[in-house]
Amino acid sequence: MDGGDVTYAFGINPAGYLESIYWGGRLQDGDPLGPIPALRDHSSVDMAASIAPQEFPGQGAGTFAEPTLKLAYPDGVRDVVLKYVSHKIAGDTITIALRDVSRPVDVTLRYEIDPETGIVGRSATIANNGKGWVRIDQAESASYTLPVGSDYRLHYLTGRWAAEWTLQQRPVTEGATVIESRRGSTGHQNNPWFAIDRTAVSTEESGPVWFGALAWSGSWRISVDKDQIGKVRIVGGYNPYDFAYRLQPGEKLETPVFYAGYSSRGMGGASRLMHRFQRDEILPGNGKPKIRPVLYNSWEATEFAVDEAGQMALAEKAARIGVERFVMDDGWFGARNSDKAGLGDWTVNRTKFPNGLKPLIDKVKSLGMEFGLWVEPEMVNPDSDLYRAHPDWVINFPTRPRSEGRNQLVLNLARKDVRDHLLKVLDDLVSANDIRFLKWDHNRNWSEPGWPEVAPEDQQKLYVEYVRNLYWILAELRRRHPGLEIESCSGGGGRVDLGIMALTDQVWPSDNTDPFDRLTMQDGFSHAYAPAVMMAWVTDSPNWVNKRETSLEYRFLSAMQGGLGVGANLNHWQDEDYATATRMIAAYKTVRATVQQGDLYRLVSPQQGSEHSATLSVAPDRRQAVLFAFLHSSTKLEPAPAIQLQGLDADRRYRVSRLGGGTLPAGMPVEASGRFWMEQGVDPALRGDFQAIGLLFEAVG
Ligand code: GLA
């Protein structure tokens with residue numbers, strides 16, 4: 001398969017197994033990619049099937065590599081050996097039929113290559129065509145293989161609440177690295193993304209990088225291991241932890257898609273491919289995702305203490321500074337005055353809003369803004385009317401205590417009645433009110449993952465059916481309300497993945513709004529996901545997370561690296577703050593298309609305690625570029641290296657100005673060639689603590 005600058009090749013070996021042949025930079029038609037040599041045992045302890053770099057290995061025939069499929073039959077057989085039957089090629093898609101060597105289990109592998117980016121999407125469908133049941137104990141989407149190498153380095157993202165998007169790296173050696181979620185949802189702890197480069201040759205902007213991400217918002221796993229003969233295998237899909245999925249005769253299970261790509265342009269090139277792929281192929285909008293409006297959110301200002309007068313007052317102030325979407329967060333419904341009650345009761349709290357939401361929404365609209373609302377549909381507080389009426393609607397084991405997280409339990413979306421109830425409640429809410437945006441939250445992970453209404457042998461289907469029904473509700477809601485936009489939030493960034501991104505327009509990366517912490521988090525985020533979805537709010541100083549004080553301009557520049565929002569308590573602002581905010585929001589609107597949908601260059605990394613950091617976003621036509629540069633703190637008159645820009649048109653001339661107005665740093669020329677800005681670079685001349693500058697480069701003529 002050829003796409004973009006990538007070739008991905010696989011074939012059938014003489015024994016009938018599907019084997020990886022090549023994955024890397026694009027080759028020419030007719031280049032010799034086969035035939036695959038006959039299988040040989042490596043030794044008496046490493047038999048042939050285990051050594052062959054299979055595209056979809058079953059657990060059987062003495063294969064000890066991470067299996068993509070593990071099965072158990074009623075007669076006790078636990079052996080899967082998948083061999084090639086046939087294939088079909090249609091445009092950029094290849095489907096391969098595999099079958100077990102002795103039992104009627106058929107696996108259909110689907111490969112699709114994106115012609116623009118060369119990103120391959122792989123998934124598998126496992127079908128039981130026999131007469132008895134088959135239990136699937138492990139079902140992965142794909143196994144990807146890298147050639148033998150001694151300097152591979154794995155990059156991945158870890159975190160916790162208020163500390164998502166921590167970039168990790170470690171050498172790829174013998175002994176697997178596993179990143180996963182066992183939580184029923186994507187999770188904060190690990191994110192389903194990986195990248196592997198080569199320490200000897202790869203840098204931020206050059207050298208090979210293989211990368212990938214799973215499109216799944218339930219429990220998942222990606223394992224990376226170097227096998228006995230030096231090949232690296234990356235296996236990802238459903239997490240086998242607590243997994244079991246029984247197929248009755250005629251039934252099928254489809255895996256999520258595991259996307260993977262290659263870049264010869266370093267981590268920067270890999271991220272830009274991912275960003276482009278997400279904008280063109282994943283996000284809603286058929287290849288043209290909408291620009292993120294500037295948003296105001298009430299959470300940090302009011303927490304649960306929302307009411308009509310208070311929200312109207314905030315809306316008036318938000319409109320003054322140029323906000324386009326006003327979002328009321330938690331606290332507007334049921335008996336919701338704290339996190340102890342109300343979740344599940346999605347009716348307007350009449351004490352806080354005596355006349356319903358309409359007066360507030362009318363006010364917001366009269367101020368020229370859209371109205372958005374916070375919901376957390378998958379959850380219920382035991383202290384709620386919904387739970388009192390339907391205590392059986394939650395995930396639970398009937399004879400066991402129900403563990404609460406943030407005083408809430410998880411509704412069992414796998415149940416059809418729960419699924420239909422949630423769709424109806426949300427549909428009614430959005431139909432009855434002019435709501436253009438939902439912040440869809442999800443604040444805890446699973447415990448006691450039982451589904452008592454189905455047979456014990458089928459209860460673990462919950463891991464699949466819950467997520468499929470979540471996707472179904474989101475898709476159906478969008479179908480019924482085409483103008484509605486949705487944000488994926490999960491106690492901050494606990495549910496960001498390519499699965500949920502296909503059904504949501506933006507994501508909330510973290511509840512941590514400290515503008516300095518955000519620099520490393522946004523850097524980590526950008527390795528995997530597009531600035532087009534990455535929301536960032538300007539909130540109060542000192543920030544609640546670290547009690548750090550920063551200027552309003554610094555906070556704006558940090559948040560302007562993504563989709564800009566404001567979450568400060570505007571009631572505490574002075575005239576001067578309003579002036580700064582108005583100026584910065586106006587400036588943001590002139591560059592946001594470039595920031596959100598342009599090419600991102602991470603010029604100076606904020607990681608590993610770096611004092612400096614800088615990113616550059618370049619418009620697709622290269623006529624506009626925006627530089628954000630930050631300083632943690634200057635010491636001892638230490639000179640800072642010049643920042644060399646990237647991605648400009650070398651022969652074009654660019655005029656520079658300061659984003660949001662103000663004078664240029666002393667000595668900076670007003671106009672120069674793209675080559676000058678990329679070779680000579682710029683000195684942002686930042687001195688002090690928590691300093692920042694935005695510079696706008698615009699093509700002349
Ligand atoms: C989660 C979200 C926050 C906020 C609160 C409301 O923590 O991440 O942004 O919406 O819930 O309870």
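Determine, from the Cβ-Cβ distance of residue 637 and residue 579 and an R0 of 41 Å, the FRET efficiency 1/(1 + (r/R0)^6), rounded to the nearest 0.05.
Details: r = 32 Å, r/R0 = 0.79.
Once the sixth-power term is evaluated, E becomes 0.80.
Seen from residue 39, the other residues with C-beta closer than 15 Å to its C-beta sum to a net charge of -2, counting Lys and Arg as +1 and Asp and Glu as -1.
Of interest is the spacing of the C-alpha centroids, which for region 1-80 and region 576-619 amounts to 45 Å. The value of relative contact order for the chain, using C-alpha pairs under 8 Å at least six residues apart, is 10 percent. Spin-label model, residue 417/residue 241: points 7 Å from Cα along the beta carbon direction are separated by 3.2 nm. Ranked by solvent-accessible area (1.4 Å probe, protein heavy atoms only, all chains present), the residues 539, 93, 582 order from largest to smallest as 582, 93, 539.
Here the scattering of region 602-699 is modelled by Debye summation over its C-alpha atoms, one equal scatterer each and no solvent; at q = 0.20, 0.24 Å⁻¹ the log10 of I(q)/I(0) is -0.97, -1.34. Globularity index of the chain is 0.99 (Cα radius of gyration / 2.2 N^0.38 Å, N = number of residues).
Once the Cβ-Cβ distance between residue 309 and residue 406 is put in as r, and R0 is 30 Å, what FRET efficiency do you end up with, to the nearest 0.05? Kindly include the intermediate steps, with their values, before the conclusion.
On the way: r = 28 Å, r/R0 = 0.93.
Once rounded, the FRET efficiency stands at 0.60.
Do the alpha carbons of any pairs in 363/589; 340/439; 88/252; 226/290 sit beyond 30 Å of each other, and which pairs? Going by Cα-Cα distance, 226/290 fall outside the 30 Å limit. For region 522-644, dividing the convex hull volume of the Cα atoms by the residue count gives 129 Å³ per residue.
What the phi angles of region 596-611 give under the Karplus curve with 6.51, -1.76 and 1.60, with θ = phi - 60°, is a coupling list of 7, 10, x, 8, 9, 10, 8, 6, 10, 6, x, 6, 6, x, 4, 6 Hz, glycine and proline written as x.
Compute the FRET efficiency between residue 170 and residue 83 as 1/(1 + (r/R0)^6), taking r as their Cβ-Cβ distance and R0 = 51 Å, and round to the nearest 0.05.
Values: r = 35 Å, r/R0 = 0.69.
Here the calculated transfer efficiency is 0.90.
With the alpha-carbon atoms as the only input, what is the per residue convex hull volume for region 295-597 in Å³?
Here the figure is 131 Å³ per residue.
If you average the C-alpha positions of region 392-443 and of region 182-257 separately, how far apart do those two centres end up, in angstrom? First find each Cα centre; the distance between them is then 28 Å.
Output the direction-averaged projected area (hull surface divided by four) of the convex hull of the alpha-carbon atoms of region 52-169, in nm².
On the way: hull surface 43.8 nm².
That works out to 11.0 nm².
For region 311-434, the percent of C-alpha pairs falling in each 5 Å distance bin, counted from 0 to the bin holding the largest distance, reads 2, 10, 19, 20, 17, 13, 9, 6, 3, 1, 0, 0.
Which percentage, to the nearest 5, of the DSSP beta bridges contained in the chain is antiparallel?
On the way: 124 of 151 bridges.
The antiparallel proportion sits near 80 percent.
Dividing the summed -39500 (n - 2.57) terms of all DSSP H runs of n ≥ 4 by the residue count of the chain sets its mean residue ellipticity at 222 nm at -6000 deg cm²/dmol.
Quick one: pull the percent of accessible area on region 602-699 belonging to carbon and sulfur, 1.4 Å probe, ligands and nucleic acids left out.
Details: 2240 of 4740 Å².
Taking all protein chains in place, region 602-699 shows 47 percent carbon and sulfur surface.
Accessible area per residue of the chain at 1.4 Å probe, in Å²?
Working: 26380 Å² over 701 residues.
Per-residue accessible area for the chain comes out at 38 Å².
Between residue 148 and residue 228, what length comes free when the chain is fully extended (0.36 nm per residue of separation minus the Cα-Cα distance, one decimal in nm)?
Values: separation 80, 0.36 × 80 = 28.80 nm, distance 1.04 nm.
My answer for the length gained is 27.8 nm.
Size of region 268-383 from its Cα atoms: along the principal axes, largest to smallest, the extents are 52, 38, 23 Å. Size of region 2-282 from its Cα atoms: along the principal axes, largest to smallest, the extents are 54, 49, 41 Å. Annotation: residue 453 carries an accessible surface of approximately 100 Å², with a 1.4 Å probe and no ligand, DNA or RNA atoms counted.
The values are calculated or read from the model by the stated rules, or taken from the named source; none is laboratory data. This one's a predicted model, so the numbers in the text were calculated from it and none came from an experiment. Neighbour counts are summed over all protein chains in view; Cβ atoms, including those assigned to glycine, are modelled from backbone coordinates with ideal geometry. Surface areas here come from the heavy atoms of the whole protein model, side chains and all, with no ligands, DNA or RNA. Shrake-Rupley method; radii C 1.70, N 1.55, O 1.52, S 1.80 Å.
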